[in-house]
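Engineer: The structure's right below; bear with me while I get my questions together.
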Amino acid sequence: MTEPLLSVQDLSVAFRQDGREMLAVDHVSFDIKAGETVALVGESGSGKSVSALSVLKLLPYPAASHPSGRILFKGQDLLTADENAMRRVRGNDITMVFQEPMTSLNPLHTIERQIGEILKLHRGLSDRAARTRTLELLSLVGLRDAESRLNAYPHQLSGGQRQRVMIAMSLANEPDLLIADEPTTALDVTVQAQILKLLAELKGRLNMAMLFITHDLGIVRKVADRVCVMLKGRIVEHGTVAEVFRNPQHPYTQKLLAAEPKGRANPVATDAPTIVEAGPIKVWFPIKRGFMRKTVGHVKAVDGISVRVRQGETVGVVGESGSGKTTLGLAILRLVSSEGPVVFLGNRIDTLGSREIRPMRKDLQVVFQDPYGSLSPRLSVAEIVEEGLLVQNRGLSYDDRRAVVARALADVGIDPATMDRYPHEFSGGQRQRIAIARAVALEPRFIMLDEPTSALDMSVQAQIVELLRDLQKRRNLAYMFISHDLKVVRALANHVIVMQNGKVVEEGAAEAIFSRPQTDYTRALFAAAFNLEADSLNAVRE
Amino acid sequence: MNENVPVASPAANAPVAPPLPREGFIRLSPLNRRRFQNFKANRRGYWSFWIFMVLFVLSLFAEFIANDKPLLVSYKGELLYPVFVEYPEEKFGGFLAQTDYRDPVIAKEIAENGWALWAPVHFSYNTHNLDLPVPAPAPPTWMLTDEQCRPIAERTGGTGCRDIEWNWLGTDDQGRDVVARLIYGFRISVLFGLILAGISSVIGVLAGAIQGYFGGWVDLLFQRFIEVWTAIPALYLLIIISAIITPSFFVLLGILLLFSWVSLVGVVRAEFLRARNFEYVRAARALGLSNVTIMFKHLLPNAMVATLTFLPFILNGSITTLTSLDFLGFGLPPGSPSLGEMLAQGKANLQAPWLGLTGFFVIALMLSLLIFVGEAVRDAFDPRKTFQ
């Protein structure tokens, strides 16, 4: 076929905000042939999602506008098509899978109803025919016991299952083009591998084209035929995947390809003193049923785990979401109540009240996952960083405090001159640096890092890992690093704990675990993370 | 947004904090600046705000606009301030404890020995106009014929309505000037509304904050208490209390406060419940901040959006409550200037439509202005609202 299925020509998208026009997509052109997968790669804010959304005209018009460009789908210009014509295209010829499967399914409708709706709407199927077709689709996307799931509500399904339902919905009318907007970003690595495998299979079987949006080059290599690299609203490089990966031309592509977290953990002195020793820790949440709210059982979020962190050491905690790794971290910080001893610098802190523990918080700090959520949008950077000092170091004068803040910011690589700006003026990576500065400003002995890199773009992750390793060496910090991203853990941890369902599956020196995993679960986790391969041993649940 | 900020090496000179930029008296955060721009972009709300502010500030100086005492008197070479100081009539050769400056004898005495500077309207809210050409309630003077005015005008040597004191909007059934009562009534309504809305917001926000932040049993018990509390019929309670004591401004405020503070609790509680699990709140707890500090510094700003959105409507509700109580006769003590009482008089005197109409238009104007302002405030705080 010579004519491409979808041809985006010279597309621009502008957003109007506070009376100013902001160009989000800047004269972008690409083609997708039938049966081909094209990947749009770039950091958040590079305009890749916006480009894809404009194909279906799903942007918030009239705040968004298209100053230039054409989008030809089977010869028809979608940009000038009216709303009726668009409705015939959406959900029928072109469908979309979104990033967050929880929020893209209506929580009040059953699976059957959500999928059936599209079939009835576009094809006018009867209830019975729609039901048969829905079952077909669900088994097509590999949802086990499809029949019994028909009446399930989205919250009764896991993230991977929800994403399968989303895919089933988008395949309902056998589209010619599937737009997948970061379909695996919100999922665990193991589930991500399964979904990618499914998408590749389906594409081959149904001979549809796919526009795949992602920030993860590993996924691109796995699924795409051709790739367009986007930077600040422009396509800076495009070509076949093999070509671009072998011989990247643009410096940005080269940077992206080189962005993987590198290096290994700082070595720990053998006689390093113990900073935190905890365990066995239990965090059980009661399940209450009935009128009298009787406790009928417990969710065992953390079930008897022991941890020891020495000075200058990084303990990595890995596992899928729901395995209880964050809860473990919060229990050690005494931010959730738990059972079992927690000894910090020789003092038992699990028996102390919140007032007694306050002076110790100075040495016991935390950095959270989401740099957008963990900084109050109403305080300036200086106010955020100095907050702990106001409590822990009351004697400091105003000027001294600002000096400490400046030092902490410089330490994490933020220009102290920007300290009176507000968080929204900083990028995700810079925000995470500020969050680290907030922890470091108190000069702690121990920092709990709860997925500090997972919300960040690939190229920024590597920088943050470098920064953390550098800080650790300079200040002799002890880290507890919680992550599902094994590449980052490998670059940072001395000691690794693999968790599943609140229990330790495997534990040991990082080198040993990464080179010779002992259990099936760990092996499946590694295969999914490093090779994006779905597990064949059924060691991981969906 | 540049990711490549050079990492300062520790060996470099110690980093210096920049001096804090000073930008005028109030430093608006960018968020608030954007909200202010949004508020200004809503022309109707913005103009309503200014019109209301002008009316309100003017009414705060009601004594200088409508008063039965002169503002300034020069009498026998001495400057007197009747607005501020009560002078006995002896000062002007009379014998009463209080001076009635509207008395023709006193007026003549002052005119012969100096001068008097009067407010634009020569009546206060409780001044009875003794020189009415027709029985009270008298229509606006411009509606009268010269025929009707002549007997009064002839006392001062005039011939028609042009020569008598005007009641621009007529008088009520006790011969009190409607304009004067309007100005004072507007002031008391708005002040009552502001104080009631203000105090009940403070109490409501505090109660909601405590419930939302601590949750659990505190929340459960407090919620049940509020449910029981709101089941008490406030109006009957008011009627019973006003049968025992004459409710003054502050007694009325207190009783209404007992029931009005619950209106904000639900919203604020919901905001606190939501926001207490935000990561920056968790981070603040990890820094060792006390509960009170976290509530005020991190959670309250979140709840303020919801509170500010509701505030104008609570204010309006408070004003309407006072007006309706006055209308029913359970409100402010008799003789107080009150818009509700004016409406009640309008209902009792259907032959005098200027009473009912004036009351209606002033209340409608006041409530509309406040609602427009409230709408603009709500939109300004809506983060998703985009203005063209």
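Engineer: Please state the charge dipole magnitude for the protein assembly as shown, taken about the Cα centre, from unit charges on C-beta atoms (+1 on K and R, -1 on D and E), reported in debye and rounded to the nearest 20. Before the final figure, lay out the partial values.
Structural biologist: Numbers: 97 positive and 93 negative charges, 521 e Å.
In debye, rounded to 20, the protein assembly as shown gives about 2500.
Engineer: With only alpha-carbon pairs counted, each pair once and no self-pairs, how large is the Kirkwood hydrodynamic radius of the stretch B:33-78 in angstroms? Don't skip to the end; give the middle numbers.
Structural biologist: On the way: mean 1/r = 0.0729 Å⁻¹.
Evaluated over the stretch B:33-78, this radius sits at 13.7 Å.
Engineer: Could you please report the charge total around B:R276, scoring K, R as +1 and D, E as -1 over all other residues with beta-carbon less than 12 angstrom from its beta-carbon?
Structural biologist: +1
Engineer: For chain B, what is the Kirkwood hydrodynamic radius in Å, using each pair of distinct C-alpha atoms?
Structural biologist: Working: mean 1/r = 0.0392 Å⁻¹.
Across chain B, the inverse of the average 1/r is 25.5 Å.
Engineer: Then there's this: Just the projected area, averaged over all directions, of the convex hull on the alpha carbon atoms of the stretch A:274-531: how many nm²? It would help to have the intermediate numbers written out before the result.
Structural biologist: On the way: hull surface 62.3 nm².
Mean orientational projected area (the stretch A:274-531, Cα hull): 15.6 nm².
Engineer: Also, quick follow-up: Label B:A231 and B:L79 with points 7 Å out from Cα along Cα→Cβ: what is the distance between them in nm?
Structural biologist: Reported label-point gap for B:A231 and B:L79 is 6.5 nm.
Engineer: Follow-up question, since we're still on this one. I need the semi-axes of the equivalent ellipsoid of the stretch A:284-393: take the C-alpha gyration tensor, multiply each eigenvalue by 5, square-root it, list largest first in whole angstrom. Write down the numbers at each step before the final one.
Structural biologist: On the way: eigenvalues 158, 76, 57 Å².
Taking √(5λ) for each eigenvalue gives 28, 19, 17 Å, largest first.
Engineer: Grab the other residues whose beta carbon is less than 13 angstrom from that of A:V296, score K and R as +1, D and E as -1, and report the net.
Structural biologist: On the way: positive: A:K288, A:R289, A:R293, A:K294; negative: none.
Spelling it out: positives minus negatives among the neighbours equals +4.
Engineer: Rounded to the nearest 0.05, what FRET efficiency is calculated for B:R33 and B:M304 with R0 set to 22 Å and r the Cβ-Cβ distance?
Structural biologist: Working: r = 16 Å, r/R0 = 0.73.
Taking R0 as 22 Å, the efficiency between B:R33 and B:M304 is 0.85.
Engineer: Go through the stretch A:336-350 residue by residue and turn each phi into a ³J(HN,Hα) via Karplus (6.51, -1.76, 1.60, θ = phi - 60°); whole Hz please, and just put x for glycine and proline.
Structural biologist: 10, 7, 8, 10, x, x, 10, 10, 10, 6, x, 10, 6, 10, 6
Engineer: Do me a favour and compute the ellipsoid semi-axes for the stretch A:132-212 from its Cα gyration tensor, root of five times each eigenvalue, largest one first, whole Å. Mind showing how you got there, number by number?
Structural biologist: Numbers: eigenvalues 72, 55, 21 Å².
That gives 19, 17, 10 Å for the three semi-axes.
Engineer: Show the residues, 5+ positions off or on another chain, whose built amide H is closer than 5 Å to the amide H of A:V97.
Structural biologist: Under 5 Å from the amide H of A:V97: A:I179, A:A180, A:D181.
Engineer: Would you calculate, for the protein assembly as shown, the mean residue ellipticity at 222 nm contributed by helices, counting each DSSP H stretch of 4 or more residues as -39,500 (n - 2.57) and dividing by all residues, to the nearest 500? Walk me through the numbers on the way to the answer.
Structural biologist: Working: 33 runs with 410 residues, N = 930.
After summing the helix terms and dividing by the residues of the protein assembly as shown, the value is -14000 deg cm²/dmol.
Engineer: If one computes P(r) from the Cα atoms of the stretch A:64-128, what percent of pairs lie at distances over 20 Å?
Structural biologist: Values: 965 of 2080 pairs.
Here the long-distance tail beyond 20 Å is 46 percent of all Cα pairs in the stretch A:64-128.
Engineer: Roughly how many Å is it from the Cα centre of the stretch A:1-63 to that of the stretch A:434-501, as a whole number?
Structural biologist: Rounded to whole Å, the Cα centres lie 35 Å apart.
Engineer: I need the per residue convex hull volume for the stretch B:68-118, using only the alpha carbons, in cubic angstrom as a whole number. The partial results should precede the final answer.
Structural biologist: Values: hull volume 3.2 nm³, N = 51.
Convex hull volume per residue, Cα atoms: 64 Å³.
Engineer: On to the next question. For the stretch B:181-381, just the Cα set please: Rg and Dmax, both in angstrom.
Structural biologist: 20.0, 72
Engineer: Still on this structure, I have one more. Based on the Kirkwood radius over alpha-carbon pairs, what value in µm²/s does the Stokes-Einstein equation return for the translational diffusion coefficient of the protein assembly as shown at 4 °C and 1.567 mPa s? Each step should come with its number before you reach the end.
Structural biologist: Working: Rh = 33.7 Å.
Reported coefficient: 38 µm²/s.
Engineer: Take the residue pairs A:K33/A:K222; B:K69/B:K91; A:K197/A:K300; A:K262/A:K362 and return only those whose Cα atoms are more than 23 Å apart. It would help to have the intermediate numbers written out before the result.
Structural biologist: Numbers: A:K33/A:K222 19 Å; B:K69/B:K91 15 Å; A:K197/A:K300 32 Å; A:K262/A:K362 31 Å.
Exceeds cut-off: A:K197/A:K300; A:K262/A:K362.
Engineer: Could you pull the Cα extents of chain A along its three principal axes, largest to smallest, in whole Å?
Structural biologist: 71, 56, 48
Engineer: Could you compute the net charge surrounding A:L364? Neighbours are other residues with a C-beta less than 10 Å from the C-beta of A:L364; K and R count +1, D and E count -1. Present the calculation step by step, with values, prior to reporting the outcome.
Structural biologist: Details: positive: A:R334, A:R361, A:K362, A:R445; negative: A:D363.
Cβ neighbours under 10 Å give a net charge of +3.
Engineer: In debye, nearest 20: dipole of the stretch A:274-531 around its Cα centre with unit charges on the Cβ of K, R (+) and D, E (-)? Walk me through the intermediate numbers first.
Structural biologist: Values: 34 positive and 29 negative charges, 161 e Å.
About 780 debye.
Engineer: Related question: Below 8 Å, C-alpha to C-alpha, sequence gap of six or more: please give me the relative contact order for the stretch A:6-257 in percent. Let's see the in-between values first.
Structural biologist: Numbers: 451 pairs, mean separation 70.6, N = 252.
Taking the mean separation of contacting Cα pairs over the length of the stretch A:6-257, I get 28 percent.
Engineer: Neighbouring Cβ atoms within 10 Å as the yardstick, rank A:E339, A:E43, A:E36 fewest first. Spell out each step's value before the answer.
Structural biologist: Numbers: A:E339 13, A:E43 22, A:E36 19.
Exposure proxy ranking, most exposed first: A:E339, A:E36, A:E43.
Engineer: OK, next. May I ask you to derive the FRET efficiency for A:Q9 and B:K40 from their Cβ-Cβ distance with R0 = 45 Å, giving the value to the nearest 0.05?
Structural biologist: Working: r = 41 Å, r/R0 = 0.91.
The computed FRET efficiency comes out at 0.65.
Engineer: How much length, in nm to one decimal, is gained on full extension between A:N207 and A:S148, taken as 0.36 nm per residue of separation minus their Cα-Cα distance? Before the final figure, lay out each step's value.
Structural biologist: Numbers: separation 59, 0.36 × 59 = 21.24 nm, distance 2.93 nm.
Length gained, A:N207 through A:S148: 18.3 nm.
Engineer: Now, a different point. Over the stretch A:403-542, what number does the Rg to Rh ratio reach, with both radii from the alpha-carbon atoms and Rh per Kirkwood? Walk me through the numbers before you get to the answer.
Structural biologist: Details: Rg = 17.4 Å, Rh = 16.7 Å.
Computed over Cα atoms, the ratio is 1.04.
Engineer: Normalise the Debye intensity by I(0) for the stretch A:40-173, one equal point scatterer per Cα, no solvent, then take log10 at q = 0.12 Å⁻¹ and round to two decimals.
Structural biologist: For the requested q values the scattering log ratios are -0.55.
Engineer: Once whole DSSP H runs in chain B are found, which of them have Cα atoms spread over 27 Å or more along the helix axis and a mean Kyte-Doolittle score of at least 0.5?
Structural biologist: Working: long enough: B:178-214 (52 Å, 1.69); B:300-328 (40 Å, 1.19); B:353-381 (42 Å, 1.59).
The qualifying helices are B:178-214, B:300-328, B:353-381.
Engineer: Here's another thing I want to ask about it. Can you list residues whose amide H is under 5 Å from A:A24's amide H, if they're 5+ apart or on another chain and H is modeled 1.01 Å from N?
Structural biologist: Answer set, sorted by chain and number: A:V13, A:A14, A:F15.
Engineer: Please express the shape of the stretch A:6-257 as an equivalent ellipsoid: the semi-axes are the square roots of 5 times the eigenvalues of the C-alpha gyration tensor, given largest first in whole angstrom.
Structural biologist: Numbers: eigenvalues 183, 95, 55 Å².
After diagonalising the Cα gyration tensor, the semi-axes are 30, 22, 17 Å.
Engineer: Next question. Would you list A:V236, A:V8 from fewest to most Cβ contacts within 10 Å?
Structural biologist: Values: A:V236 16, A:V8 27.
So the residues, fewest neighbours to most, are A:V236, A:V8.
Values quoted throughout were computed directly from the atomic coordinates according to the rules given, and no laboratory measurement underlies them. As the structure is a prediction and not an experimental result, all values here were calculated from the model. Neighbour counts run over all protein chains shown; Cβ positions are idealised from the backbone, glycine included.
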